[in-house]
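Presented below is the structure to which this report refers.
A short reminder: the numbers here are calculations on the coordinates, not readings from a lab. Worth saying up front: this structure is predicted, and the values here are computed from it rather than measured. Counting neighbours? That spans all protein chains shown, and the Cβs are built from the backbone with ideal geometry, glycine included.
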Amino acid sequence: MIFNKRKIKKLSDSELAKHYKKTKNIKFFGYIFSRYAHLVYGVCLKYLKNPADAEDAMMQIFEKSIIDFKNNEITYPKSWLYSVSKNFCLMQLRKKAIPQDSINEIDHYENETNQIEEKVLKEKKIEQLQKSISELKEDQKIGITLFYLEKKSYQEIANETGWKLKKIKSEIQNGKRNLKLKVKGK
């Protein structure tokens, strides 16, 4: 397959990763890295506090990431690059034997960023779940939405939809099973 710049820029991170692993062509990884280079630089600057050191670290992270990305299964390149950058900077700081106050500040910052990462992953899961619910059959979608999201009882659902209790249970059960399959499949 022949790629030009315009075509490459339209590819998702996962598509770029597949092409990189398949062809070993560094330009595919380069596009992934360039999408998040500003974030890598920001993390490096936050930890190292010096623009020149941050730029050097960013280049070293790029070189290290080329190999690591090829050899590992990376699902979310943005989060992965963030972790690689953070760990690289922490190693650099440890080499310099920084004072305990700075280490405490970094630990506090790490905890905050870990909480942010967890929230981002949770939001992605919620988006994926909402998308999967919208792909269900109409009756399953209604049953799942009313029972789990709107917290309605079987009787309330029966009153609202006119369904018999057996149909309600069936639609919810089938919807739940199909949701599990859809979420696992993505």
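For the reader, a short list of remarks on this structure follows.
- Sites residue 109 and residue 53 - FRET efficiency at Förster radius 22 Å, r taken between beta-carbons, to 0.05: 0.85
- Relative to the dominant Cα principal axis of the chain, helix 77-95 is inclined by about 40°.
- Estimated from helical segments only, the mean residue ellipticity of the chain at 222 nm is -27000 deg cm²/dmol, where each DSSP H run of four or more residues counts as -39500 (n - 2.57).
- Among [x] 16.2, 50; [y] 23.3, 71; [z] 17.4, 50, the entry derived from the coordinates for Rg and Dmax of the Cα atoms in Å: [y]
- Solvent-free Debye scattering, log10 I(q)/I(0), computed from the Cα coordinates of the stretch 122-186 at q = 0.12, 0.24, 0.28 Å⁻¹: -0.29, -0.96, -1.19
- The stretch 18-101: radius of gyration and largest Cα-Cα distance (Dmax), Å: 13.5, 46
- Cα-projected label distance for residue 153 with residue 90, points at 7 Å along beta-carbon direction, nm: 5.0
- Length added when fully stretched, residue 18-residue 68, from 0.36 nm per residue minus Cα-Cα: 16.6 nm
- Among the GluC sites (Glu not before Pro) within the stretch 1-90, those in coil by DSSP and having at most 10 neighbouring Cβ atoms inside 10 Å are 73.
- For 23, 113, order by how many other beta-carbon atoms lie within 10 Å, fewest first: 23, 113
- Over 31 Å apart at the Cα level, from the set 151/180; 131/164; 27/141; 70/141, are 27/141; 70/141.
- Length gained when the stretch residue 138-residue 161 is fully extended (0.36 nm per residue, less Cα-Cα span): 7.1 nm
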